[in-house]
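Some notes on the structure that comes next.
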Amino acid sequence: MAVNSTPKLVGTDVLGPLADAAEFHGPIALPADAAPYAGAVETMLTIRRAEERIADGVADGTIRCPCHLAIGQEAAAVGVAMHLRATDRAFGAHRSHAHFLAMGGSLHGLFAEVLGKDTGVSRGMGGSMHLIARERGFFGSVPIVGATIPIAVGAGLAARMDGRGDVAVSFFGDGATEEGGFHESMNLARVLDAPVLFVCENNLFSSHLHIGLRQPTNSVARYAVAHGVPHATVDGNDVVAVAQAVEGAMASMRQGGGPFLLECITYRWRGHVGHREDEDVGVARKADHGRWKGRDPIGRLVAGLKARGLMDDGALARTEAAVALRVQQAWAQAVEDPYPAEGELLARTWTTGGAA
Amino acid sequence: MTRTAYGPAIREAFEWLLANRPEVFTIGQGLWSPWYVGNSMTNLDKQFGVERVIDTPVSELATTGAGLGAALCGYRPIVIHPRVDFMLLAVDQIVTQAAKWRSMFGGQVSAPVTVRGIINRGGEQGAQHSQALHSWFAHIPGLRVVMPATARDARDLLIASVLHDDPVLYIDDRWLYEVEEELPPAGPVSLDGQGPVVRREGTDVTLVGCGFAAHQCLQAADALEREGIRAEVIDLRVLNPLDGSAIVRSTAKTGRLLAVDGDWRSCGLASEVIAIAAESRDPSRGALRAARLTHPDAPAPTSKPLEKAFYFGVDDVVRSARALMG
């Protein structure tokens, strides 16, 4: 007897154009004060070229640890980071190279970390999925889905207790909203009035499964309604839309306001893990993939800046060249760097008394 | 010196910490209730305010994660789980997060969160209101596990846990809340250098336990002395990292070891104690005689006679020790 091997979408589309790969391909509309967004191009290019370098390292076997790339999703990380300060506390997840770099984390420290080197940001003990740059306000990323969401709530509670207007930020994907801890955390943050910016990068996929196979609608903002948390849903490939939503949320959060959920609709160009585009997994992905590249967060921003006369081909070429050089130099250095010594295994386990 | 029971001694630790360390706060279920955590936290909310003594929604995972998050930001939170059973909903945050953040970020991050799990069993409470599971947690590198058996330790090891820069799981036992001891005034205590202690010296058999089981071992040693058997009693106190030297020294002398543990047998703490003694045994001294006394490997029952069969008493400790003498 034949079996039906095609799973049925259960989710209804409530996002409309935001989730439509054919939409939002034009230049990004810039606000009157557009100067900061020229810098955003360089940051996004740095993220993309760094991740392409990492992808090449995965492909040729230089990098062995699991790498989850955010190519195509750069705008959400950069737009949020534009309104953070070094005393804020952001937490990431498995796909956090972009968050780390957007907040000013070291390119060389990232490369050395994915290579397992002693000079990595986690001293070679973490790899791609454990990044940290506390001096920049990036407090750590871990790959257990949803795990840093309650941790960010505690960081937000600490910020509230400190009383200096700092906030906590939790970056996670749409898959994390299916974890119980996410809902506990939203409720707890609301009850404690903890200033936590929950940033869901809804890229419509968790690993291989489309959100329509996992949830009754394709937007996660309804959970904010359920938990009494103010929220916004934006085109996550529009750095201006992201930054403006964050700026609006911060105005209240830094004045003693509680949590906020920002849903950024986006799409990853590579597979769940590794360097491949992985078009063969998941429903609808193959058809949408090419069109989503037309919603490129970098290309659209560059087009917007050019339309306003704030960038020309020469400036873009100079930025590209500068980024390429920094990536190349940081990589070359990281490849040469030493590995951690064997004794570090025990020494780094305990604060005191761990050395063998 | 003031005569103080184990439960109020825990409260003294909270009082000292909250009064002397502004970075300490406590968060968990039932903290504004007079009955959730026995007499161990009574009216702390009224004394120190609900901003530092925080009662929470029924969200063990988020509450524990929030404790870790605040610890990463300069605070020393104490997360309360009124039962170990409830704490299991937060295992990812304890085992996979708090215990590993230091190592996986290259030793650059300290997570000084203390998680307090309370063993609250007996009284026909059954399978899901009776677990201890300290062996599970003592298995985890990076997670210190502390289990006080006396009023003094209940207070001082809690202070030490909170002041330490590593995450600590502090497990206390409601069956010990009435045990009294003369206590000096509370003060700062370091967890470094704390470990198993010999509570009573003896030459014939070594009894090893932690928490309530250590208390039972001491009572059993009294009874054994009346039979002319001199038992040495070791209270483990700090289960992870476990310093085995007291066990090794004692069994070198007695040649007999009864590992007593108020938890299950299979892959448990009693097995670890025997393994430590066996591995270090000098063969020229002859074979080590060893036995375990634990709960049977079954979930805790509710029915009275089954509960009687499930939990061992001091008489069982005495009988097991005596059997090793034959």
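Where a number appears in this text, it was derived from the coordinates with a stated rule and is not lab data. Keep in mind the model is a prediction, meaning the values are calculated, not measured. As a convention, Cβ positions derive from the backbone with ideal geometry for all residues, glycine included, and neighbour counts pool all protein chains shown.
Tell me the angle of helix B:6-20 to the major Cα principal axis of chain B, expressed in degrees between 0 and 90 and rounded to the nearest ten.
Value to nearest ten degrees: 40.
Provide a whole-number value for the mean count of partner chain Cβ atoms within 10 Å of the Cβ atoms in peptide A:181-194. Let's see the in-between values first.
Numbers: counts 10, 2, 3, 12, 7, 1, 5, 9, 2, 1, 5, 7, 0, 3.
Taking all residues of A:181-194 together, the mean is 5.
Find the relative contact order for region B:44-127 and round it to a whole percent, using C-alpha pairs within less than 8 Å whose residues are 6+ positions apart. Can you show the working numbers first?
On the way: 90 pairs, mean separation 28.0, N = 84.
The value is 33 percent.
Please state the equivalent ellipsoid semi-axes for region A:225-320: what are the square roots of 5 times the Cα gyration tensor eigenvalues, largest first, in whole Å? Write out the running numbers ahead of the final one.
Details: eigenvalues 166, 117, 23 Å².
Gyration-tensor ellipsoid for region A:225-320: 29, 24, 11 Å.
Which of the trypsin sites (Lys or Arg not before Pro) across region A:149-200 are loop residues per DSSP, with 15 or fewer other Cβ within 10 Å?
Details: sites: A:Arg160, A:Arg164, A:Arg190; in loops: A:Arg164.
Sites meeting the loop and neighbour criteria: A:Arg164.
Show that you can apply the helix-only estimate: for chain B, add -39,500 (n - 2.57) for every DSSP H stretch of four or more residues, divide by all residues, and state [θ] at 222 nm to the nearest 500. Display every interim value, and only then the final one.
Numbers: 12 runs with 113 residues, N = 326.
One gets -10000 deg cm²/dmol as the mean residue ellipticity at 222 nm.
Got a sec? Which residues in region A:161-191 would a label at B:Trp32 touch, if it sits 7 Å along Cα→Cβ and we count backbone N under 16 Å?
Under 16 Å, as judged by backbone N against the label point of B:Trp32, lie A:188-191 of region A:161-191.
In whole Å, what three semi-axes, largest first, describe the equivalent ellipsoid of region B:119-181 built from its Cα gyration tensor (square root of 5 times each eigenvalue)? Mind showing how you got there, number by number?
Working: eigenvalues 95, 63, 10 Å².
They are 22, 18, 7 Å, listed from largest to smallest.
Report the dimensions of region B:219-284 along its three principal axes from the alpha-carbon atoms, largest first, rounded to Å.
Largest to smallest, the principal-axis extents are 34, 33, 20 Å.
If you average 1/r over all unlike Cα pairs in region B:197-325 and invert the result, what Kirkwood radius do you get in angstrom? Walk me through the numbers on the way to the answer.
Working: mean 1/r = 0.0685 Å⁻¹.
Taking every pair of different Cα atoms in region B:197-325, averaging 1/r and inverting gives 14.6 Å.
May I have the extent of the alpha carbons of region B:34-182 along their three principal axes, as whole Å values ordered from largest to smallest?
45, 35, 34
Quick check on packing: order B:135-147, A:217-229, A:143-155 by the mean number of other C-beta atoms within 10 Å, highest mean leading.
Values: B:135-147: 22.8, A:217-229: 18.2, A:143-155: 28.5.
Highest to lowest by the protection proxy: A:143-155, B:135-147, A:217-229.
If the viscosity is 0.890 mPa s and the temperature 25 °C, what translational diffusion coefficient in µm²/s does Stokes-Einstein give for chain A when Rh comes from Kirkwood over Cα pairs?
Numbers: Rh = 20.8 Å.
It comes out at roughly 118 µm²/s.
Mind checking which aspartates and glutamates have their C-alpha under 19 Å from A:Lys117, skipping anything on the same chain fewer than 8 residues away?
Once the sequence-local aspartates and glutamates are set aside, what remains near A:Lys117 is A:Glu51, A:Asp56, A:Asp60, A:Glu336, A:Asp337, A:Glu342, A:Glu344.
Counting only other chains, and only Cβ atoms inside 10 Å, what mean value do you get across the residues of A:119-126? Write out the running numbers ahead of the final one.
Details: counts 0, 1, 3, 7, 6, 1, 8, 6.
Partner Cβ neighbours, averaged per residue: 4.
How high is the relative contact order of region A:65-147, given as a whole-number percent (alpha carbon pairs under 8 Å, six or more residues apart)? Intermediate results must be reported in sequence, preceding the final value.
Working: 160 pairs, mean separation 27.7, N = 83.
Relative contact order comes out at 33 percent.
Taking only Cα atoms of the protein assembly as shown, what ratio of Rg to Rh do you get with Rh as the Kirkwood inverse-distance radius?
Taking Rg over the Kirkwood Rh, I get 1.04.
Only helical DSSP H runs with n ≥ 4 go in: add -39500 (n - 2.57) per run for chain A, normalise by residue count and round the 222 nm mean residue ellipticity to 500 deg cm²/dmol.
Numbers: 12 runs with 143 residues, N = 356.
The helix contribution divided over chain A gives -12500 deg cm²/dmol.
Express the relative contact order of chain B as a whole percentage, based on alpha carbon pairs under 8 Å and six or more residues apart in sequence.
Working: 731 pairs, mean separation 53.6, N = 326.
The value is 16 percent.
Taking the Cα-to-Cβ direction at B:Glu225 and at A:Asp312 and moving 7 Å from each Cα, how far apart do the two end points lie in nm?
Result for the modelled spin labels: 9.6 nm.
Compute the FRET efficiency between A:Ala347 and B:Thr2 as 1/(1 + (r/R0)^6), taking r as their Cβ-Cβ distance and R0 = 30 Å, and round to the nearest 0.05. Could the numbers behind the result be given before it?
Values: r = 41 Å, r/R0 = 1.38.
Approximately 0.15, to the nearest 0.05.
Among B:298-305, A:289-296, B:8-15, how do they line up by average Cβ neighbours within 10 Å per residue, starting with the highest?
Put in order of decreasing packing, that is B:8-15, A:289-296, B:298-305.
If the viscosity is 1.002 mPa s and the temperature 20 °C, what translational diffusion coefficient in µm²/s does Stokes-Einstein give for chain B when Rh comes from Kirkwood over Cα pairs? Provide the component values of the computation, followed by the final result.
Working: Rh = 20.1 Å.
Rounded, D is 107 µm²/s.
For region B:190-261, what does the convex hull of the Cα positions come to per residue, in cubic angstrom? Intermediate values should be presented prior to the final figure.
Working: hull volume 5.5 nm³, N = 72.
Enclosed volume per residue, from the Cα hull, is 77 Å³.
Order A:334-342, A:247-255 from most to least packed using the mean count of other Cβ atoms within 10 Å. Each step should come with its number before you reach the end.
Values: A:334-342: 13.3, A:247-255: 16.7.
Highest to lowest by the protection proxy: A:247-255, A:334-342.
Note down the Stokes-Einstein diffusion coefficient of region A:80-174 in µm²/s, whole number, using a Kirkwood radius over alpha carbon pairs, 20 °C, and 1.002 mPa s.
Roughly 163 µm²/s, to the nearest whole number.
Under a 10 Å cutoff between Cα atoms, tell me which one of A:Met44, A:Met161, A:Met125 has the largest fluctuation in the Gaussian network model of chain A.
Judging by the Gaussian network model, the answer is A:Met161.
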